[in-house]
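K.L.:
Have a look at the structure that comes next, please.
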Amino acid sequence: MKKIFVFALLVTFLSAISAQEISSRAKAMRMMTYAKPEYMVKDIKVLADTMIVYALSDHVIYPIGKWENVEQYITNTQLQWYREVGYKNYYDSMVVSVNTLRRLDDSYIDMYRSITTGRVEMISGRITDAEVVLDNGVHVGMSKEDVFRTIFKRFPKSYITDIVVLKVISGAGEVGEVYTFHGNKLRHIGIVSKYKYY
């Protein structure tokens with residue numbers, strides 16, 4: 001009798017796990033239908049408290065906008081940036097100048113001017129200053145619903161209740177933003193890239 005009970009419990013547990021995976025995928029597929037066309041969302045994954053959105057939009061590749069040089073961005077923001085310039089290896093054979101822009105609260109953005117695209121490209125960043133606004137209008141302190149509204153036309157609020165991290169990644173997985181929420185507010189924005197810098 002005890003073995004039958006344990007077996008039944010195991011079957012119930014495994015069924016619950018597969019049902020949870022199906023509901024996560026169903027949730028992701030439904031969110032795809034709500035995506036704004038300008039983001040060109042190609043896939044969405046929901047993993048526990050994290051939602052990953054794969055998009056082909058320029059907003060993902062150029063989160064601060066398209067600029068030909070760092071000075072244009074600094075002038076446009078009209079914010080006080082502290083600028084550091086250094087050099088990093090790029091693809092093991094080239095050395096590129098990397099500009100780090102910092103704010104007083106230790107928010108920073110690492111960027112370089114690409115010889116391939118002729119534009120300022122992101123390497124990394126961490127933004128906690130509410131005055132720094134991304135090109136799509138997202139800034140620290142926004143409500144979770146408002147952040148999701150930049151990407152989706154509408155969505156069931158129950159779908160985002162448990163989401164603590166929203167990752168918006170380029171189609172090739174090279175560049176992206178990581179939005180981290182605390183409660184219902186956006187706490188910080190991370191800029192990540194897989195460009196080969198060491």
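K.L.:
Does at least one position in the range 101-113 carry a residue that is assigned to a loop (DSSP other than H, G, I, E, B), surrounded by 13 or more Cβ atoms within 10 Å (Cβ to Cβ) and of a type in the set (Lys, Arg)?
P.N.:
yes
K.L.:
Also, quick follow-up: Mind checking which residues of the range 181-190 are open to solvent by 30 Å² or more (accessible area, probe 1.4 Å) and within 16 Å of Val132 (Cα to Cα)?
P.N.:
The answer is Lys185, Arg187, His188.
K.L.:
Considering only residues that are of a type in the set (Ser, Thr, Tyr) and in contact with a helix residue (DSSP H, G or I) (Cβ under 6 Å, 6 or more places away or on another chain), which ones fall in the range 140-175?
P.N.:
Correct list: Tyr159, Ser170.
K.L.:
In addition: From (1) surrounded by 15 or more Cβ atoms within 10 Å (Cβ to Cβ); (2) outside any loop (DSSP other than H, G, I, E, B), pick out the condition that doesn't hold for Ser158.
P.N.:
Exception for Ser158: condition (1).
K.L.:
Something else now. List pairs: first residue in the range 124-136 and at negative phi, second residue open to solvent by 50 Å² or more (accessible area, probe 1.4 Å) and assigned to a loop (DSSP other than H, G, I, E, B) anywhere in the structure, Cβ distance under 6 angstrom, at least six positions apart or on different chains.
P.N.:
Within 6 Å, the pairs are Thr128/Asp105; Asp129/Asp105; Ala130/His139; Val133/His139.
K.L.:
Ser158: in contact (Cβ under 8 Å) with a residue 12 or more places away in the chain and among the small types (Gly, Ala, Ser), yes or no?
P.N.:
Judged against the criteria, Ser158 is not a match.
K.L.:
When you look at Ile169, is it assigned to a strand (DSSP E or B) and in contact with a Phe, Trp or Tyr (Cβ under 9 Å, 6 or more places away or on another chain), yes or no?
P.N.:
Taking the combined requirement at face value, the residue satisfies it.
K.L.:
So, Phe152, is that one out of contact with any Asp or Glu (no Cβ under 8 Å at 6 or more places or on another chain), open to solvent by less than 30 Å² (accessible area, probe 1.4 Å), closer than 24 Å to Lys66 by Cβ and aromatic (Phe, Trp, Tyr) or not?
P.N.:
Answer is yes for this residue.
K.L.:
Counting only residues that are open to solvent by less than 30 Å² (accessible area, probe 1.4 Å) and either more than 20 Å from Ala35 (Cα to Cα) or at pLDDT below 95 (or both), how many does the range 140-149 have?
P.N.:
Going through the range 140-149 one residue at a time, the tally reaches 1.
K.L.:
Considering every residue within the range 102-112, establish whether at least one is in contact (Cβ under 8 Å) with a residue 40 or more places away in the chain and either under 18 Å from Val138 (Cα atoms) or not acidic (Asp, Glu) (or both).
P.N.:
Scanning the range 102-112 turns up at least one residue that is in contact (Cβ under 8 Å) with a residue 40 or more places away in the chain and either under 18 Å from Val138 (Cα atoms) or not acidic (Asp, Glu) (or both).
K.L.:
Kindly indicate the residue of the range 51-100 that is in contact with a Phe, Trp or Tyr (Cβ under 6 Å, 6 or more places away or on another chain) and either closer than 30 Å to Ser24 by Cβ or among the aromatic types (Phe, Trp, Tyr) (or both) and also surrounded by the most Cβ atoms within 10 Å (Cβ to Cβ) among those meeting that condition.
P.N.:
Ala55
The values are calculated or read from the model by the stated rules, or taken from the named source; none is laboratory data. Since we're looking at a predicted model, the values are computed, not measured. Glycine gets a Cβ as well: all are built from the backbone with ideal geometry, and neighbour counts include every protein chain shown. Ligands, DNA and RNA are excluded from the accessible area calculation, which covers all protein heavy atoms including side chains. Shrake-Rupley method; radii C 1.70, N 1.55, O 1.52, S 1.80 Å.
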